[in-house]
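Just so it is clear, none of the values below were taken in a lab; they were calculated from the coordinates. Just so we're clear, the structure is a prediction, and the values are computed from it rather than from any experiment. Every residue, glycine among them, receives a Cβ derived from its backbone with ideal geometry; neighbour counts consider all protein chains shown.
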Amino acid sequence: MKVLSKGWLFLLIAVIGEMLVPLILAPFYPGYDSKTMAISSLGNPNSPVRLPFNLWMLTAGVLLLLATPSIYRLYRGVSKPLSIATVMFIGIFAVGACIFTCFFSVNETKDVITTASVVHGFGSVIGFMLLLFVPLFLAILSFKSADRTTGVIAVVSFILSLVFFVLFIMAEKPQFQETMIASEGLWQRLNLLFMYLPLAFIAVKNLLS
């Protein structure tokens with residue numbers, strides 16, 4: 001298998017794993033609620049699944065980084081600046097929201113603040129905010145290369161991921177704690193799903209071509 005083909009495989013494994021690993025580990029953490037608790041809570045110091053979760057986050061970050069050359073090569077002929085921005089944003093997310101999570105974990109409750117949780121929070125916020133724009137960039141690149149199907153999927157994914165990102169932020173606000181909006185874990189998972197969806201589609205498309 002060619003190196004660039006492996007890049008698409010790495011990307012697909014990372015995306016599928018990001019969705020499945022938290023779901024697989026959650027039942028082994030008594031008291032953990034996937035609907036209301038953030039994914040990163042699985043890696044807190046008191047979590048019984050801390051080790052496998054953190055090892056996965058490290059693996060996911062490395063896989064995403066290894067996939068960026070394939071993404072860049074696919075779109076560099078369409079727009080080199082936008083291709084660079086796309087892989088840079090993915091790379092920052094891979095480091096800030098994935099690899100950092102392995103080494104700088106959150107605490108079981110947000111009331112406890114440590115240096116590790118601050119570093120984790122900063123890395124995750126920056127990473128998620130940048131990855132949010134990747135579907136938009138992919139939509140522009142796809143439409144410019146006459147790939148309407150990928151373009152439409154990316155546009156719809158960007159809109160939905162933006163909606164769920166806003167809900168995820170709102171879920172932390174005190175005024176929404178007694179409402180349906182307080183489902184922080186659910187919104188984060190849906191936000192991540194739609195940020196990843198165009199990448200997964202592109203990976204499958206290139207693996208099958």
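When each full DSSP H helix of the chain is screened for a Cα extent of at least 27 Å along its own axis and an average Kyte-Doolittle hydropathy of at least 0.5, the helices passing are 3-25, 50-75, 148-170, 184-208.
Springs join every pair of Cα atoms under 10 Å in this Gaussian network model of the chain, and among VAL95, VAL119, VAL134 the largest mean-square fluctuation is at VAL119. In percent, rounded to a whole number, the relative contact order of the stretch 59-209 is 19, using alpha-carbon pairs under 8 Å and six or more apart. If R0 is 25 Å, the Cβ-Cβ spacing of PHE28 and THR114 corresponds to a FRET efficiency of close to 0.55. For the cross-link pairs LYS80/LYS144; LYS6/LYS144; LYS6/LYS205, the ones whose C-alpha atoms lie over 22 Å apart are LYS6/LYS144.
What is the percent of Cα-Cα separations in the stretch 121-161 that go past 16 Å?
Values: 310 of 820 pairs.
For the stretch 121-161, the share of Cα pairs beyond 16 Å comes to 38 percent.
A Gaussian network model of the chain, with springs between Cα atoms under 10 Å, assigns the largest mean-square fluctuation among LEU197, LEU23, LEU138 to LEU23. Extents of the stretch 2-45, taken as max minus min of Cα coordinates on every principal axis and listed largest first, are 44, 18, 16 Å.
log10 I(q)/I(0), Debye, Cα-only the chain, no solvent, q = 0.08, 0.11 Å⁻¹? Reported log10 I(q)/I(0), two decimals: -0.27, -0.51.
The calculated pair-distance distribution of the stretch 165-209 uses every alpha carbon pair, bins of 5 angstrom beginning at 0, and gives 5, 24, 20, 13, 11, 9, 8, 6, 3, 2 percent. Put a plus charge on the Cβ of each Lys and Arg, a minus charge on the Cβ of each Asp and Glu, and nothing anywhere else: the dipole of the stretch 100-209 about its Cα centre is then about 460 debye. From largest to smallest, the equivalent ellipsoid semi-axes obtained for the stretch 1-77 from the alpha-carbon gyration tensor read 31, 11, 10 Å.
Distance between the pseudo-spin-label points of ALA85 and GLU172 (7 Å out from Cα toward the beta carbon): 2.5 nm. Evaluated at q = 0.09 Å⁻¹, a Debye calculation over the C-alpha positions of the stretch 16-138 (equal weights, vacuum) places log10 I(q)/I(0) at -0.27. The stretch 42-115 and the stretch 123-157 have Cα centres spaced 17 Å apart.
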